[in-house]
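The values are calculated or read from the model by the stated rules, or taken from the named source; none is laboratory data. Values in this document were obtained by computation on a predicted structure and should not be read as measured data. Please note: Cβ atoms are built from the backbone with ideal geometry, for glycine as well, and neighbour counts cover all protein chains shown.
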Amino acid sequence: MKQFEVIRATETFQQAGAYYVRIQAMARKYNIGLREEFDDNDTPDTKYILVTDDGFPVATCRILDLSDGTAEIGRVVVLDDYRGQGLGRLVVESAEAWIKEMGYEKVVVESRDVAVKFYEKLGYVSDSSELHNTGTFTCQHMEKRLK
């Protein structure tokens, strides 16, 4: 059985792992340019969750402060070879734990339309049935209150 390590990526080398996963699983797969994938929210101060398999980066997400006690989990990505092993859930739940420790009361996600059911299973609800286009994907705004 694999032993995955969850890292709160705050150091540059750890963030590089998060970037690697995003480049491999999103930018390459969906032909997304680096300027599109990495926006002004990707800074040395940005918080990321990184999951590694024997030190190799395999899954990640980004945490953003939206103010008013709300944080956003975004850029949830798992390498293709590691999908179906619960790593998406592990990344999101690890991010939620960190977000809760930081004192946030609510988490939001902009879920790709194909991932809405995944987030619903994790307790997220949509504020409407309206989908919106981000320029790359069709997404649904979803929220979850932290207990």
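To keep it simple, each residue is scored yes or no on (1) surrounded by fewer than 13 Cβ atoms within 10 Å (Cβ to Cβ); (2) touching a Lys or Arg at 6+ places or on another chain (Cβ under 8 Å); (3) at pLDDT below 95.
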residue	(1), (2), (3)
Phe13	yes, no, no
Ala18	no, yes, no
Ala25	no, no, yes
Tyr30	yes, no, yes
Ile49	no, yes, no
Thr52	no, no, no
Thr60	no, yes, no
Ile73	no, yes, no
Leu79	no, no, no
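Within the range 118-135, the set of residues being touching a Ser or Thr at 6+ places or on another chain (Cβ under 9 Å) and either at pLDDT below 95 or of a type in the set (A, V, I, L, M) (or both) comprises Ser126, Leu131, His132. A Cβ distance below 8 Å, combined with a sequence gap of six or more or placement on separate chains, defines the contacts here; from the range 1-23, residues that are more than 11 Å from Arg62 (Cα to Cα) and among the small types (Gly, Ala, Ser) reach residues that are at pLDDT 95 or above and surrounded by 11 or more Cβ atoms within 10 Å (Cβ to Cβ) in the pairs Gly17/Ile7; Gly17/Ala9; Gly17/Leu50; Gly17/Thr52; Gly17/Pro57; Gly17/Thr60. Taken together, the residues in the range 75-117 that are polar (S, T, N, Q) and within 24 Å of Thr43 (Cα to Cα) amount to 2.
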